[in-house]
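Asks: Take this structure, written in C-alpha cells, and hold onto it; I'll ask about it next.
The values are calculated or read from the model by the stated rules, or taken from the named source; none is laboratory data. The model shown is predicted, which means the values in this text are computed figures rather than measured ones. With ideal geometry, Cβ positions are generated from the backbone for all residues, glycine too; neighbour counts draw on all protein chains shown.
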Amino acid sequence: MWRVKIFDALLLLTLCVSCFVLAQAQTLPSATPLPTPPARADKLNSNSDDKPPLGTLEDEMRVKREIKYREKEYEENVGRAREAAEIGVQLRDSYKQHQSLGHDDAKKLDRLEKLAKRIRSESGGSDEDVEIKSPPQQLEPVLARLAEESDCLKSTVEKTPRQVVSAAVIEKANVLLKLIRLARSYMP
C-alpha cells in the first residue's frame, strides 16, 4: 500500500514539473534567436523605400508593361520620322508648283521642326550647331535637300533598334533643323 502512495506521489510530482516546464516554455523567449531569412537580390538593388518585395508575377507584369511602353514610344518615333519625310516632300513639291511658300507651308515647316526636335530628343540628343557641307544658296535647293534629309532621317530611324541611342539619328535631325532655319532665312 505504501508503494501505491509513493507511486501516486511520484506521478503527481512528475505531472506538476512537466506542467511547470510547459508553462515556462510558452512565456519565456527562446535563448537562441531565430535565423533571419536571406536578403533578396532585387531588394538589395532597390532604393530602399520600405515597400514589400514584389513577387515574381508582379515583377513579370511590371517588366512587360515597361517593354510595351518602350515599344509604343519607338513606334511613335518611327511615325514622327515618316511624317517628317512626308512633310519634306510636300514642301518641295509645293514650292515647285507655286514658286513660293504660303502660310500653310510655313505651318508645315514649323511642324517639321517640332518633329525633328522630338526625334532628336527621343534619341538622346540635344541642340548642337552642325555644319552643312556646301549649303544651298536658294530656297528651291534648300527644300530639295530638306526632302532628301528628312527621307534619310526616316530611313535611319526605321533601321535603328529601339534600345539604341543612335548618333546617326541625332546628327540627321540636327542637319534637318539647320536646313529648316536656312529655309526660313530665304522665305520672304
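Asks: Filter the range 87-106 down to residues that are under 34 Å from the mean Cα position of the chain (by Cα) and of a type in the set (A, V, I, L, M, F, W, C) and give me whichever is nearest to Val142 (Cα to Cα).
Replies: Among them, the one singled out is Leu91.
Asks: Restricting attention to the range 173-183, does a residue exist that is touching a Ser or Thr at 6+ places or on another chain (Cβ under 8 Å), at pLDDT 90 or above and assigned to a helix (DSSP H, G or I)?
Replies: There is at least one residue in the range 173-183 that is touching a Ser or Thr at 6+ places or on another chain (Cβ under 8 Å), at pLDDT 90 or above and assigned to a helix (DSSP H, G or I).
Asks: Taking Ala84 and the conditions (1) without any contact (Cβ under 8 Å) to a residue 12 or more places away in the chain; (2) within 14 Å of Ile180 (Cβ to Cβ); (3) not basic (Lys, Arg), which numbered condition does it fall short on, given that it satisfies the others?
Replies: Going through (1) without any contact (Cβ under 8 Å) to a residue 12 or more places away in the chain; (2) within 14 Å of Ile180 (Cβ to Cβ); (3) not basic (Lys, Arg) one by one, Ala84 breaks only (1).
Asks: Now a separate question. Hey, Val142 hits all of (1) out of contact with any Leu (no Cβ under 7 Å at 6 or more places or on another chain); (2) crowded, with 21+ Cβ neighbours inside 10 Å but one; which does it fall short on?
Replies: For Val142, the exception is condition (1).
Asks: Regarding Lys96, is this residue surrounded by fewer than 18 Cβ atoms within 10 Å (Cβ to Cβ) and in a helix (DSSP H, G or I)? Full working, then the answer.
Replies: Numbers: surrounded by fewer than 18 Cβ atoms within 10 Å (Cβ to Cβ): yes; in a helix (DSSP H, G or I): yes.
Against the criterion (surrounded by fewer than 18 Cβ atoms within 10 Å (Cβ to Cβ) and in a helix (DSSP H, G or I)), Lys96 qualifies.
Asks: If only one of Ile170, Ile119 is in contact with a Gly (Cβ under 7 Å, 6 or more places away or on another chain) and crowded, with 19+ Cβ neighbours inside 10 Å, which one is it?
Replies: Values: Ile119 fails: in contact with a Gly (Cβ under 7 Å, 6 or more places away or on another chain).
Residue meeting the stated conditions: Ile170.
Asks: OK, next. For the structure I just gave you, tell me whether Lys64 is over 30 Å from Arg162 (Cβ atoms), at pLDDT 60 or above and basic (Lys, Arg).
Replies: No.
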